[in-house]
Amino acid sequence: METGSTGADPGEKTLERCIDDYLNTRQAETSARNMAYALESWREWLARRNVDDFESIDPKCCREYAFHLAERVDAGEFAGSTARTYYAFVRAFLSFAVRDEQLDTNPAMTNRAVEPLPEDEGTGTQQFWTAGKRDALLRYADQQVTSALEHPVAPRPILRTRMRDRALVTLLALSGVRGAEVFSAPRDARRNGLRWADVDFEANSIAVLGKSRETEHAPLPSRAARALRRYREVLEPPIDEWPVFPSRHAASLHQAVRDGLRDEYTEDRIDRVLENRDVDDLLRDHEIAPPSISTNGARNVMKRICTRFDLEIDGEYLKPHGARRGLGHAFYSEGRAEDAQSALRHKSIETTHAAYSNIQAGETADRIDDVLGGDRG
């Protein structure tokens, strides 16, 4: 049986104090700053789960943290190599805690705990949507909506799906949002998906929970706004807290009904209602907001669309975060670094420069050729 804390007395030293002691022993290392940031991020994640002592840090907790890191990679917040580095910092600290007699064994070292960690992609470049692929995707999405509108007897669910798909790809392509800012992250209660209350058509912006976990306002260009408006007309959300992109996962929808009716109905009555009524009708009639589509669900939507229209970049489907990088690339390659910074909501221009250092290097090479007369033939 795996165990991470049996026999130790975690009350002898607080988790925060132990982290401070550990960092003090690592001050001379070149990675000390990154280590401190990673451990503080981990401690904040623990705090959101109401974990503030060693007794609760077991293999299950470490496995959940590995899932959390994997979701941040999926959302495009950082690379798989960074996720593995963050986990390695936590694992090293917990080894220190064992030596400090706060734990008997290191719970982060079990195979079960590390299994969810993403692979290290190495030094390969991250995907970005090229202008051609982006335009093709948007054109296909428009064509699918037009086809459904022109069909004399197109079922409303089909129209809703195509309107949803167009709104989803248009928002990704043109707003610079991260996937985790508009779709739900199942293991992060605060990232529960974009709601219609967050969409401000008058201000041309949407309110999102940014990378810093503070509310930020992402741009809503006119084409994305039109797609969202038309989609809302067919979706007909009964309340503003309705997700822009609701989940269609049957079990999740049924659970939402149960949770929403539990204070009013008995479990037996809820069972009967669910047997005799459409779950979507129940959610709408009782104004119970369904869960939002997850980041994984959004990836599946993109895979389906790209497979249908034979769209790929380097043999892969167009990934949600590739849209964000593609938008920044479009600005940066035209020498508009400040616009790229604004669109991507980077805190500093240095972050933007670092993200597109490959473009800087290429431009520098061209200038060297101009000065020294280089020949690329």
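The values are calculated or read from the model by the stated rules, or taken from the named source; none is laboratory data. Fair warning: this is a prediction, and the values are worked out from it, not measured in the lab. Positions of Cβ are generated from backbone atoms using ideal geometry, with glycine treated the same way; all protein chains shown enter the neighbour counts. These area figures cover heavy atoms from the full protein model, side chains too; ligands, DNA and RNA do not enter into them. Shrake-Rupley method; radii C 1.70, N 1.55, O 1.52, S 1.80 Å.
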Count the lysine pairs in the chain that are 8 or more places apart or on different chains: how many have C-alpha atoms under 21 angstrom apart?
5
I need the phi-derived Karplus couplings for segment 204-220: 6.51 cos²θ - 1.76 cosθ + 1.60, θ = phi - 60°, integer Hz, Gly and Pro marked x.
6, 8, 10, 8, 9, 7, x, 4, 7, 6, 10, 5, 10, 10, 8, x, 10
Give me the compactness ratio for segment 9-163, meaning the Cα radius of gyration over 2.2 N^0.38 Å.
1.52
Of all accessible heavy-atom area on segment 18-158, the percent that carbon and sulfur account for (1.4 Å)
47 percent
Sort out for me the Cα centre separation of segment 314-340 from segment 191-208, rounded to whole Å.
22 Å
Heavy atoms of Ser205: accessible area, 1.4 Å probe, square angstrom to 10
20 Å²
Taking the highest mean first, how do the peptides 337-343, 111-117, 233-239 order by number of other beta carbon atoms within 10 angstrom per residue?
337-343, 111-117, 233-239
Can you pull the semi-axes for segment 29-99, root of five times each eigenvalue of the Cα gyration tensor, sorted largest first, whole Å?
19, 16, 11
I'm checking a number: the convex hull volume of the Cα atoms of the chain, normalised per residue, in Å³. What is it?
196 Å³
Given the -39500 (n - 2.57) contribution per DSSP H run of 4+ residues, what per-residue ellipticity at 222 nm results for the chain, rounded to the nearest 500 deg cm²/dmol?
-17500 deg cm²/dmol
Among 18-25, 157-164, what's the highest-first ranking by average C-beta atoms within 10 angstrom per residue?
157-164, 18-25
From the Cα trace of segment 108-212, what convex hull volume per residue do you get, rounded to a whole Å³?
189 Å³
Order Thr30, Thr14, Thr130, Thr170 by their accessible area, 1.4 angstrom probe, all chains in place, largest first.
Thr30, Thr14, Thr130, Thr170
Under a point-charge model restricted to the Cβ atoms of Lys and Arg (+1) and Asp and Glu (-1), what is the dipole moment magnitude of the chain relative to its Cα centre, in debye to the nearest 20?
1140 debye
Over the chain, what relative contact order in percent results from Cα pairs under 8 Å that are six or more residues apart?
16 percent
Give me the Debye-computed log₁₀ of I(q)/I(0) at q = 0.19, 0.22 Å⁻¹ for segment 147-198, equal point scatterers on Cα only, no solvent, two decimals.
-0.75, -0.87
